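Shown next, in structure tokens, is the structure this report addresses.
The values are calculated or read from the model by the stated rules, or taken from the named source; none is laboratory data. These figures come from a predicted structure and were not determined experimentally. All Cβ positions, glycine included, derive from the backbone under ideal geometry; neighbour counts span all protein chains shown. Calculation scope for accessible area: heavy atoms of the full protein, side chains included, ligands and nucleic acids excluded. Shrake-Rupley method; radii C 1.70, N 1.55, O 1.52, S 1.80 Å.
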Amino acid sequence: MEIESSEQAIDEGLYSRQLYVLGHEAMKKMGSSNVLIVGLKGLGVEIAKNVVLAGVKSVTLYDPEPVKVSDLSSQFFLHEEDIGKPRATVTKPRLAELNQYVPVSILEGELTNDKIRNFQVVVLTETPLKKQLEINDFTHANGIHFISTDIRGLFGVAFVDFGPHFNVTDTTGENPLSGMVAAISKDIDGIVTCLDESRHGLEDGEYVTFSEVKGMEELNDCEPRKVKVLGPYTFSIGDTLNFGDYISGGIFTQVKQPKTISFKSFREALKKPEHLISDFGKWDRPGQLHLGFQALHAFTEKNGSLPRPYNELDADEVLKLTKELNEQCEEKVEISDKLIKQLAYIAAGDLSPMAAVFGGLVAQEVLKACSGKFHPIYQFFYFDSLESLPDNVKFGEEECAPCDSRYDGQIAVFGKEFQNTIANFRAFLVGAGAIGCEMLKNWAMMGLGTGPRGAIHVTDMDTIEKSNLNRQFLFRPNDVGRLKSECAAAAIAKMNPQIASRIISHQDRVGIETENIYNDDFFEALDVVTNALDNVDARKYMDRRCVYFRKPLLESGTLGTKGNTQVVIPYLTESYSSSQDPPEKSIPICTLKNFPNAIEHTIQWARDAFEGLFKSPAENVNLYLSQPNFVEATIKQGTSSKEILEGIQNYLVTAKPLSFDECVTWARLKFEEFYNNNIQQLLFNFPKDSVTSSGTKFWSGPKRAPDPLIFDPENETHMEFIIAAANLHAFNYGLTGETNREYVKKVLSNVIVPEFTPKSGVKIQVQENETVPQASTDENELQEIVSSLPSPSSLAGYRLNPVEFEKDDDTNFHMDFITAASNLRAANYGIQPADRHKTKFIAGKIIPAIATTTSLVTGLVCLELYKIIAGKNKLDEYKNGFVNLALPFFGFSDPIAMPKYKYHESEWSLWDRFDIEGDLTLTEFLDYFKKNHELEVTMLSCGVTMLYAFFIQGKKREERFTDIDYSSLRLSQLVETISKKPIPPHVKALTLEMCVNDRNDEEVEVPYVRLVIRK
């Protein structure tokens, strides 16, 4: 079918996070692509869901087959009342709800070449090999991109053919590298030397161009020049002999080169396959599975169905067919009978986690076909997760035979007994965002927690926003504003009604403040915790709780096309917190304040200005008006006290606006201060021709000499700054704003801007480690400011409105201000400005996200969940994973084993502790460890409360612990006495940390103590 062409503007509110993965150009190309998806069991609908969410021009479905009860194992858009109806017919309206911009239709009748002709991408699932070959012959010859894929139990395959000449515009999706130049030699092979503060990061064969080079101007905006890497700070760029002499400056920028890939047809590739390796620990499997999947097709064509689960005769026939195919190959493969028979045993299985893995992978390939962005799979991809099979289950034909259950697809792989174990598992999902939604969908299909003992707890305190709808597929437009956890729970209850009474939604953040809700009883009843969080602090907190309660933790995360999974198993692996990423590199204060050289610096400066103008002063005013001792406490702070009190004075007395016109005046004066006066002062301190003590130019290297800006009401950016700043200032005071430019210009024409004269003696920080002496604050000066403030009682009930930064509301002036403020500062320093889209990304610290990666990562997590449910206890049976769908790359490794420590003859790990029943006195506690463990406790603490230290003796102890009777007070009473806080009633046990000496009087590290004080 042909869809009429109509280019639509990209809805940045909806596609915000995905745009940071794909970019506008790729999204526009996707918007002109019609996609056909054949087969709508679990895998087909997973692909369709991800493609519809991504935003192609249209999606057409083909699957006239009637719904069977076993389809409910993985097809989340089918319900029991749909059994017997055509799969495409019942799936279409539910898919269409996901994205109003993507029309979804059904292809009727036979699947013929003529009907395929008008599609840009064709995806085949559940299609006989003969038909796949026939369709690919046509697509390969007619420039139509072709993908075929299938999952068979814990095995899966994908094949990609994008034609003989497919152009990839960007193979990696990484931002082009760029850096500042320190020198360029004039030579037959010119050498570029970068500033020694950052490595160039380039590789041999890549290309660069230049800008802002002085002297050797021929390089500016030159044709891309090929790089040869000489070292981390140097590279050569070919002949520069005929260029001018390099003087100074310059920025190199990597130029991405397009790549043309020639794909073989399916028919040709079957004979000479090229494989993308999914797991380097299973390098010998792709060749075997390539033959095994063909044997399954041959078996199905001959017998009319896939092999029966765990049927020996069928498995032997598949093995025989595999070996026959191997004999026909030019390059023979060593066949493992066990592997091929296992493939046959579980081929009838249909698992939601496998559908999620391949649904995410193949949907990303569809987007590559549409856009040319990222490197496609070349050309076969085989994957299996046989380790997910339980070791302690007796598999057999009867155990795994279908029983007219919605879980028949899963029972075919794991059996009825294990299905019962899955149903009676108790899980806690922390977060109901993108990963959380996908996880809940998989759990609903698996039947997790649906049994009499089973339960699923999900918590998320956030409400649904429009930008969530692009990848958090359980939510719909009419859910915006509602709680995520409640909507997600209701959505999966529709997918599997058996889960409705077993899922409990919470709205409380996980943290110390909610340990009365997520208490000992709550955690002790759980079997597994799964994190679906977007911040490290919450992840670490949940990790500590899982270590304390000795619960398995499934951890995962995504960043654009990259994803990772980690399994944390008690007494087996290290914990999530055992290793951590290096901290983000921060921008030096002096760079932000005075010497920016990149747009990231000016955006951060603008973000700080936003807080300093519209949030912090208003908050300080409100504290002054509401807290009786605020002034005294502020004066005690020292250095910042004058700045805080002057801010209150300005916002409450000297510069308090009474009308919007006064807000415009304020904004105009801020413009002058930021972009003219401060720059004049900087150039007064450091003129453009100034040199350092060593004789080098001050304004060189990373320091860019600025120029003051002259305000121009006809300049778009100048006016955007004024309008945004004035409206935000008006919001602080509850005044009505105005966006009419002519009106604002009229007000501006009457503003008198005082002339500025730079001052001598102003100290400006030049180096990061340099300390600029602070002007001493005179006590009388502070008192003068305080006396000028109106008494809080005279303004009873009066409050300012602090502005809380919200990046996703295009009507609130927040991003308008930051974009304009940043670009004006960039203009000061000759830095290339950034559009609103890029500014929002940096200022809002947005994490790029796309549904394809999320789908795949949660599928991998659920394959590990099967192992936890099975109680596997060997390290090499679990897998931590890292994927990058852009490259594409898959890497799996065994989790890192828990580190082990030792004291005396006892070995321990992070999972161990001393468990003591009963609320001992301190004396009894010390005696207990001396007598039972030959350990002398030298220090003891509970949280931040020091309970005992050997060096606090005599008079010091009396001073610190007056009236404390160590011999009679229980440890819980001791904690309450010293901390001056009661122990909350939900706390059953105290966690005590101690320093100890061993029997040789040497200090040794030991586990913490869990002291049970209440039953």
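Could you tally the net charge around Pro713, taking each other residue with its Cβ under 14 Å from the Cβ of Pro713, Lys/Arg +1 and Asp/Glu -1?
-2
Rank Ile247, Val1004, Met495 by how far each Cα sits towards the positive end of the charge dipole of the chain (+1 on Lys, Arg Cβ; -1 on Asp, Glu Cβ) and give me just the farthest.
Towards the positive end, the residue furthest out is Met495.
Could you tell me the distance between the Cα centroids of segment 15-30 and segment 604-651, to the nearest Å?
What the calculation gives is 41 Å, centre to centre.
What accessible area per residue, rounded to a whole number of Å², is obtained for segment 143-234 using a probe radius of 1.4 Å?
In whole numbers, segment 143-234 has 45 Å² accessible per residue.
Can you pull out the GluC sites (Glu not before Pro) in segment 289-382 that DSSP calls coil and that have at most 13 other Cβ atoms within 10 Å?
Glu330, Glu331, Glu334
What list of ³J(HN,Hα) couplings, whole Hz, do you get for segment 932-947 from phi and the Karplus terms 6.51, -1.76, 1.60, once you set θ to phi - 60° and write x for glycine and proline?
Working through the residues one at a time gives 8, 10, 6, 10, 9, 6, 9, 8, 9, 9, 10, x, 8, 8, 7, 9 Hz.
Shape call for segment 456-548 from the C-alpha gyration tensor, a ≥ b ≥ c root eigenvalues: rounded (a/c under 1.5), prolate (a/b greater than b/c) or oblate?
oblate
Would you mind calculating the relative contact order of the chain from Cα pairs under 8 angstrom and at least 6 residues apart, reporting the percent as a whole number?
Result for the chain is 12 percent.
Could you pull out the pairs from Lys341/Lys874; Lys271/Lys332; Lys272/Lys341 whose alpha carbons sit more than 19 Å apart here?
Lys341/Lys874; Lys272/Lys341
Leaving out ligands, DNA and RNA, what percent of the accessible area of segment 418-558 is carbon and sulfur, probe 1.4 Å?
49 percent
Among rounded, prolate and oblate, which fits segment 172-211 when a ≥ b ≥ c are the square roots of the eigenvalues of its C-alpha gyration tensor, a/c under 1.5 means rounded, and a/b larger than b/c means prolate?
Taking the square roots of the gyration eigenvalues as a ≥ b ≥ c, segment 172-211 is oblate.
Expressed as a whole percentage, what fraction of the accessible surface of segment 276-385 belongs to carbon and sulfur atoms when a 1.4 Å probe is rolled over the protein heavy atoms?
So the carbon and sulfur contribution to the accessible surface is 51 percent.
For segment 654-804, what's the relative contact order in percent, using C-alpha pairs closer than 8 Å and at least 6 residues apart?
For segment 654-804, the relative contact order is 30 percent.
Quick query: amide H of Leu709 versus all other amide H atoms, modeled in the peptide plane; which residues come in under 5 Å with a sequence gap of 5 or more or a different chain?
It is Asn676, by chain and number.
Per DSSP H run of n ≥ 4, the term is -39500 (n - 2.57); total these for the chain, divide by its residue number, and report the mean residue ellipticity at 222 nm rounded to 500 deg cm²/dmol.
-11000 deg cm²/dmol
Compute, for segment 315-359, the length of the dipole vector about the Cα centre, with Cβ point charges of +1 (Lys, Arg) and -1 (Asp, Glu) only. Units Debye, rounded to 20.
Here segment 315-359 has a charge dipole of around 180 debye.
State in Å² the accessible area per residue of segment 725-766; use a 1.4 Å probe, count heavy atoms of protein chains only, and round to the nearest integer.
62 Å²
On the accessible surface of segment 35-116, probed at 1.4 Å, how many percent belong to carbon and sulfur atoms?
Its accessible area is 50 percent carbon and sulfur atoms.
Using a/c under 1.5 as the rounded threshold, could you call segment 805-945 rounded, prolate or oblate? The axes a ≥ b ≥ c are square roots of the C-alpha gyration tensor eigenvalues, and prolate needs a/b larger than b/c, oblate otherwise.
Oblate is the answer for segment 805-945, as a/c is 1.5 or above yet b/c matches or exceeds a/b.
For the chain, count all C-alpha to C-alpha pairs, find those more than 50 Å apart, and express that count as a whole percent of the total.
Value for the chain (Cα pairs over 50 Å): 37 percent.
Taking the Cα centre as origin and putting +1 on Lys and Arg beta-carbons and -1 on Asp and Glu beta-carbons, what dipole magnitude results for segment 365-479, to the nearest 20 debye?
460 debye
Treating cross-link reach as a plain straight distance, find the aspartates and glutamates whose alpha-carbon is under 15 Å from the alpha-carbon of Lys980, omitting any fewer than eight places away in the same chain.
Asp963
Over the heavy atoms of Ile983, what accessible area does a 1.4 Å probe trace out, to the nearest 10 Å²?
20 Å²
Show which aspartates and glutamates lie in cross-link reach of Lys57 when reach means a straight Cα distance below 17 angstrom and same-chain residues fewer than eight apart are skipped.
Answer for Lys57, where 17 Å is the Cα cut-off: Glu2, Glu4, Glu7, Asp11, Glu12, Glu25, Glu97, Glu365, listed by chain and number.
Loop only per DSSP, at most 16 neighbouring Cβ atoms within 10 Å: give me the GluC sites (Glu not before Pro) in segment 972-1015, ordered by residue number.
Answer by residue number: Glu1002, Glu1005.
Give me the lysines in straight-line cross-link reach of Lys697: C-alpha distance below 28 Å, same-chain residues under 8 apart excluded.
Result set, ordered by chain and number: Lys186, Lys214, Lys585, Lys593, Lys688, Lys759, Lys763.
If you count only protein heavy atoms and use a 1.4 Å probe, how large is the accessible surface of Ser385, to the nearest 10 Å²?
10 Å²
Treating only the Cβ atoms of Lys and Arg (+1) and Asp and Glu (-1) as charged, compute the dipole magnitude of the chain about its Cα centre; round to the nearest 20 debye.
740 debye
Work out, in µm²/s and without decimals, the Stokes-Einstein translational diffusion coefficient of segment 467-622 at 37 °C, 0.692 mPa s, Rh from Kirkwood over C-alpha pairs.
My calculation gives 166 µm²/s for D.
Distance check, please: which entries in Lys931/Lys1015; Lys282/Lys373; Lys49/Lys85; Lys282/Lys394; Lys256/Lys373; Lys256/Lys562 exceed 18 angstrom between their Cα atoms?
Lys931/Lys1015; Lys282/Lys373; Lys49/Lys85; Lys282/Lys394; Lys256/Lys562
For segment 381-531, what is the accessible area per residue in Å², given a 1.4 Å probe and the full set of protein chains?
35 Å²
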